[in-house]
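Notes follow the structure.
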Amino acid sequence: MQFIDLGAQRQRIQERLEKSIAKVLAEGRYILGPEVAAFEEKIADYIGVRHAVACANGTDALLIPLLARGIGPGDAVFCPSFTFAATAEVVALAGAAPVFVDVDPDTYNIDLESLDAAISLVREEGRLALKAIIPVDLFGLAADYDGIAGIAARDGLFVIEDAAQATGGARGNTMCGAFGDVAATSFYPAKPLGCYGDGGAMFTNDAELADILRSVAFHGKGESQYDNVRIGLNSRLDTIQAAILIEKLAILPEEMDLRQEVAARYNDLLGDVVKVPQIPRGNRSAWAQYAIETPARDTVRARLKDEGVPSVIYYEKPLHVQGPYAHYPRTPAGLPVSESLPDRILCLPMHPYLSEADQVRIARVVREAVRGA
């Protein structure tokens, strides 16, 4: 059994993939070939934004907007602590200070009261300038962007949506990737929309910002690659990866429907023995992960391993307690949810092609482990 079965998806579209890859190889336009622009147009249409700027990976997709806005030393960027390191890593790489905020115990997304307290603390201390928020759509579920937008407007904060896990998710009629001033996503192979290597993209409705993002991603180019108008990066999506993503994007809507079915089945099978994901009304998760909570987590994980069922702990430690990040500011109210989740959270196999029989088997093991603990 696979935690994420990319092979089943590949078999489904293998002929189309091979044809698309062969075309790129035959034409030899490996960097910025026509497939890159075609993919940008298609993904922008899917997300519902005016501009998509492809780049080399999801981490660059978070870093480039910070560089585009000149965010750096002396600036504060607020982000959750219960997330993958890239969210805060890019802030430190830009020279700014990540300010760690707790998460909601049900959605695992940034907690607005904790965010508000952190902003007040930084403002009162006066050492750092309030600059940006990076909310994370954790496990594929959109953060509370209505509340975030109000806070951002009040304090003049730039909002970078970290939608690395959420392509295909939605809040109301808005797709994940269409919130904030700019959004970043990842096409790492295990993501809901993934390529066969690294890749990423940024989304915005701001044409001027899109031009700057594109410049930063290409060595700070101006009129040409030899006209450098700013400091930039070498961050481009390979043409082969764009060709692969075009074929995968074509089946993403159907795969999103399949993910909803898999998640609903898990909820039915496990909802009475463990805490299952809470999806607010009007939201659709992209279900990058399916997370359960139980005090018997270690027992459950061991039993799953014995039965040949993979599972993963996302995340083993919140960022604010890890060495490279421990000295950065944090919300004054503490981060009790972020600190306690690693003791009880566990992610089960989740992908569009997970069979009902496999889910029943997984659920049986989890139920037996919880009841025997």
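The values are calculated or read from the model by the stated rules, or taken from the named source; none is laboratory data. Quantities reported herein were computed from a predicted structural model and do not represent experimental measurements. Positions of Cβ are generated from backbone atoms using ideal geometry, with glycine treated the same way; all protein chains shown enter the neighbour counts. Heavy atoms of the whole protein, side chains included, go into the accessibility calculation; ligands, DNA and RNA do not. Shrake-Rupley method; radii C 1.70, N 1.55, O 1.52, S 1.80 Å.
Observations on the structure shown:
- The distance between label points at Tyr226 and Ala302 comes to 6.6 nm (points 7 Å beyond Cα on the Cα→Cβ vector).
- Residue-span extension gain [Gln278 to Ala26] - 0.36 nm each, minus C-alpha spacing: 85.9 nm
- At an R0 of 30 angstrom, the distance between the Cβ atoms of Ala207 and Ala129 translates into a FRET efficiency of 0.70.
- Remark: the stretch 5-20, residue by residue, has Karplus-estimated 3J(HN,Hα) of 8, 6, x, 5, 5, 4, 4, 5, 10, 4, 4, 5, 4, 4, 5, 5 Hz, where x stands for each Gly or Pro and the curve is 6.51 cos²θ - 1.76 cosθ + 1.60 at θ = phi - 60°.
- Computed on the Cα trace of the chain, the radius of gyration divided by the Kirkwood hydrodynamic radius gives Rg/Rh = 0.98.
- With a cut-off of 14 Å between beta carbons, the residues surrounding Glu125 carry a summed charge of +1, where Lys and Arg count +1 and Asp and Glu -1.
- Phi-based couplings in Hz for the stretch 176-181 (Karplus 6.51, -1.76, 1.60; Gly and Pro marked x): 4, x, 10, 9, x, 6
- Taking the DSSP beta bridges with both ends in the stretch 115-268, the antiparallel portion is around 55 percent.
- Accessible carbon and sulfur surface of the chain relative to its total accessible area, %, 1.4 Å: 48
- Qualifying lysines (Cα of each under 24 Å from Cα of Lys275; at least 8 residues distant if same chain): Lys191, Lys305, Lys317
- Heavy-atom surface of the chain, accessible at 1.4 Å and reported per residue (Å²): 41
- Cut-off 16 Å, label 7 Å out along Cα→Cβ of Gln2, residues of the stretch 338-371 by amide N: 349-356, 358-359
- Glu254-Arg50 FRET efficiency (beta carbon distance; Förster radius 22 Å; 0.05 resolution): 0.30
- Distant-in-sequence amide contacts of Phe158, defined by a placed amide H-H separation under 5 Å and a gap of 5 or more residues or a different chain, comprise Ala132, Ile133.
- Under Karplus coefficients 6.51, -1.76 and 1.60, residue-wise ³J(HN,Hα) of the stretch 109-118 in Hz, glycine/proline x: 9, 3, 8, 5, 5, 5, 4, 4, 5, 5
- Nonlocal amide H pairs with Arg330, under 5 Å, H built at 1.01 Å: Phe100
- Estimated 222 nm signal from helices in the chain, with DSSP H stretches of n ≥ 4 weighted -39500 (n - 2.57), rounded to 500: -13500 deg cm²/dmol
- Normalised by residue count, the stretch 225-317 yields a Cα convex hull volume of 227 Å³ per residue.
- Of all lysines in the structure, the ones whose alpha carbon falls short of 16 Å from that of Lys42, not counting any fewer than 8 places away in one chain, are Lys248.
- For the chain, the Cβ-based charge dipole about the Cα centre amounts to some 540 debye (Lys, Arg positive; Asp, Glu negative; other atoms uncharged).
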